[in-house]
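Since the structure comes first, as structure tokens, the remarks are kept for the end.
The values are calculated or read from the model by the stated rules, or taken from the named source; none is laboratory data. Just so it is clear, the structure is predicted and the values come from calculations on it, not from any experiment. Neighbour counts are summed over all protein chains in view; Cβ atoms, including those assigned to glycine, are modelled from backbone coordinates with ideal geometry. All accessible areas refer to the heavy atoms of the entire protein, side chains included, with ligands and DNA or RNA removed. Shrake-Rupley method; radii C 1.70, N 1.55, O 1.52, S 1.80 Å.
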Amino acid sequence: MIAALLSLALQAAPAPHLPDTPSFRGQGQMALFDMICGRVFPDEGRIATAMAKLPGVRTLSPAELRTYLKDDPGRGWIMPAGTSRIVVTLEAPPIRSCAVRMTNTDGVIDEGKWQQLLTAAQARSGGGFLTLPPQTFAVGDIRSQASGVQKQGAGGTAEAIYLIRSTPVKPGFATEIRMVRQLVTPQRR
């Protein structure tokens with residue numbers, strides 16, 4: 001059922017109008033993020049089952065996974081989406097995260113739909129989130145803008161939901177949009 005809903009949502013995503021200037025609003029990416037990261041995560045078994053049922057999906061190789069998670073443990077999948085790709089990654093504890101990336105975008109999303117998704121996710125998690133001030137940072141030749149919400153729970157637990165736009169400094173490269181849900185559980189000693 002989850003895979004069928006995701007497949008329909010991804011098919012409904014508008015295709016870019018020109019390969020060099022993709023028009024992107026994020027509906028398919030948001031639907032995938034909402035279902036996988038917002039509703040199924042952290043159940044990795046159900047996520048893997050759903051991802052395996054989507055058309056065109058393949059598991060990331062260890063080298064590809066390192067591109068996204070560096071030395072952190074986890075798993076991931078990639079699928080075509082017009083002239084873009086959607087990459088889903090799950091980072092293993094101590095910080096668990098679920099991310100859905102869309103590459104080769106113009107960096108614009110439907111902000112109203114994102115806010116609706118964010119509001120619904122916060123409600124499902126019991127509320128209590130604080131809005132983070134937008135931040136801009138650079139890592140190497142990549143400039144990123146991040147915004148989101150987070151909450152601190154009892155005993156050091158935490159949850160956060162981020163929207164990150166990353167654009168290479170060099171002209172002619174498109175923006176990656178990353179939607180992330182992070183869960184922090186304190187490590188037992």
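In terms of Cα to Cα distance under 24 Å, which lysines are near enough to Lys151, apart from those fewer than 8 places away along the same chain?
Straight-line reach from Lys151, under 24 Å: Lys113.
Restricting the calculation to Cα positions, tell me the Rg (one decimal) and the Dmax (whole number) of the stretch 79-189 in Å.
In Å, with Rg to one decimal and Dmax whole: 15.2, 49.
Please list, in order along the stretch 66-74, the HN-Hα scalar couplings obtained from phi with the Karplus expression 6.51 cos²θ - 1.76 cosθ + 1.60 (θ = phi - 60°), rounded to whole Hz, x for Gly and Pro.
My calculation for the stretch 66-74 gives 4, 4, 9, 9, 6, 9, 6, x, x Hz in order.
With an 8 Å cut-off on Cα pairs and a minimum separation of 6 or more residues, tell me the relative contact order of the chain in percent. Please list the in-between numbers first.
Working: 362 pairs, mean separation 35.5, N = 189.
Relative contact order here is 19 percent.
Roll a 1.4 Å probe over the protein chains and send me the accessible area per residue for the stretch 48-189 in Å². Kindly include the intermediate steps, with their values, before the conclusion.
Numbers: 7770 Å² over 142 residues.
Value returned for the stretch 48-189: 55 Å² of accessible area per residue.
As I understand it, the dipole of the chain uses +1 on the Cβ of Lys and Arg and -1 on the Cβ of Asp and Glu, about the Cα centre. Which of Pro186, Leu163, Leu60 lies farthest toward its positive end?
Farthest along the dipole direction, towards plus: Pro186.
Of Ile177, Pro42, Ser84, which is farthest along the charge dipole of the chain in the positive direction, counting Lys and Arg as +1 and Asp and Glu as -1 at C-beta?
Comparing the listed Cα positions along the dipole, Pro42 ranks first.
Given a 1.4 angstrom probe, I'd like the percentage of the accessible area of the chain that is carbon and sulfur, rounded to a whole number.
On the way: 5690 of 10060 Å².
Accessible surface attributable to carbon and sulfur in the chain totals 57 percent.
What whole-number distance in Å separates the alpha-carbon centres of the stretch 120-140 and the stretch 143-189?
Centre-to-centre (Cα) distance: 7 Å.
Once phi is turned into θ = phi - 60°, what whole-Hz ³J(HN,Hα) does the Karplus curve with 6.51, -1.76 and 1.60 give for every residue of the stretch 156-168, x standing for Gly and Pro?
x, 6, 8, 9, 9, 10, 10, 10, 10, 10, 10, 10, x
If the cut-off is 17 Å between C-alpha atoms, which aspartates and glutamates fall inside it for Lys170, apart from same-chain ones fewer than 8 positions away?
Filter leaves Asp20, Asp106, Asp141.
Can you list the HN-Hα couplings for the stretch 75-85, worked out from phi with the Karplus curve (6.51, -1.76, 1.60; θ = phi - 60°), rounded to whole Hz and with x for Gly and Pro?
Rounded to whole hertz, the list is 8, x, 9, 9, 8, x, 8, x, 8, 10, 9.
When a/c reaches 1.5 or more, the comparison of a/b and b/c decides; with that in mind, is the chain rounded, prolate or oblate per its Cα gyration tensor?
Values: a/c = 1.37, a/b = 1.23, b/c = 1.11.
Since a/c stays below 1.5, the shape of the chain is classed as rounded.
Based on Cβ point charges of +1 for Lys and Arg and -1 for Asp and Glu, what charge dipole magnitude is obtained for the chain about its Cα centre, in debye rounded to the nearest 20? Please list the in-between numbers first.
On the way: 21 positive and 14 negative charges, 78 e Å.
Computed charge dipole of the chain: roughly 380 debye.
Could you tell me which GluC sites (Glu not before Pro) in the stretch 36-107 are loop residues by DSSP with no more than 15 other beta carbons within 10 angstrom of their beta carbon? Intermediate values should be presented prior to the final figure.
Details: sites: Glu44, Glu64, Glu91; in loops: none.
When the GluC sites (Glu not before Pro) of the stretch 36-107 are filtered for loop state and at most 15 Cβ neighbours within 10 Å, nothing remains.
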